[in-house]
Amino acid sequence: MKPITITVLGLPKPAGSKRAFVLRGRDGSIRTRANGSPIVNVTDDCKKSKSWKEQVSQAAYEQTIGDPLSGALLVTMTFIMPRPKGHYGSGKNANTLKASAPNHPTVKPDVLKLARAAEDALTGIIYKDDAQTVELLVRKRYGSPPRCEIKIESLAEDKLMD
């Protein structure tokens with residue numbers, strides 16, 4: 001299978017931490033399933049990531065050529081983040097990077113939360129379940145324009161050695 005590559009333009013957003021809570025009825029009692037277990041609702045803390053996930057899903061949908069992939073996958077994600085204005089000089093040096101500017105974005109959002117948002121958005125479109133990802137390479141870099149570059153490769157034919 002030829003690798004699938006997806007580029008999503010825009011500022012990458014993280015998936016927030018997950019919050020879970022038990023659903024209650026109007027009388028305050030815990031709502032349960034038929035087997036007696038409580039009904040739990042899981043939500044994403046980061047509401048701002050919804051539009052980003054929709055962008056990733058749309059870009060993935062445009063790359064689909066049939067049913068979602070099955071089998072083991074290698075996924076590479078590179079998140080290109082804009083440099084803060086403070087990394088540049090002022091006045092005539094406004095386009096010159098300061099010597100003190102860091103080479104890598106070591107500030108929030110963290111790379112794993114960025115990856116989680118993208119993985120969630122690809123589920124059901126590019127692959128059936130993000131659990132199929134057996135190798136994941138995730139990077140966060142400075143650059144322009146802000147974007148996410150994703151590459152998905154099938155490992156179904158590879159024989160992994162222990």
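The values are calculated or read from the model by the stated rules, or taken from the named source; none is laboratory data. The structure presented is a predicted model; accordingly, all values stated were derived computationally and were not measured. Reconstructed Cβ throughout: ideal geometry from the backbone, glycine too, with neighbour counts over all protein chains shown. When the accessible area is computed, the model is the full protein with side chains, heavy atoms only, and any ligands, DNA or RNA have been set aside. Shrake-Rupley method; radii C 1.70, N 1.55, O 1.52, S 1.80 Å.
The single condition among (1) under 22 Å from Glu149 (Cα atoms); (2) out of contact with any strand residue (DSSP E or B) (no Cβ under 9 Å at 6 or more places or on another chain); (3) at pLDDT 80 or above; (4) open to solvent by 100 Å² or more (accessible area, probe 1.4 Å) that Ala34 does not meet is (1). The single condition among (1) over 14 Å from the mean Cα position of the chain (by Cα); (2) without any contact (Cβ under 8 Å) to a residue 60 or more places away in the chain that Gly143 does not satisfy is (2). For region 51-88, a residue qualifies if it is open to solvent by 30 Å² or more (accessible area, probe 1.4 Å), in contact with a Ser or Thr (Cβ under 7 Å, 6 or more places away or on another chain) and either among the aliphatic types (A, V, I, L, M) or in a strand (DSSP E or B) (or both), and the qualifying residues are Leu69, Tyr88. Here region 89-129 is the region considered, the condition is being acidic (Asp, Glu) and in a helix (DSSP H, G or I), and the residue that is surrounded by the most Cβ atoms within 10 Å (Cβ to Cβ) is Glu119.
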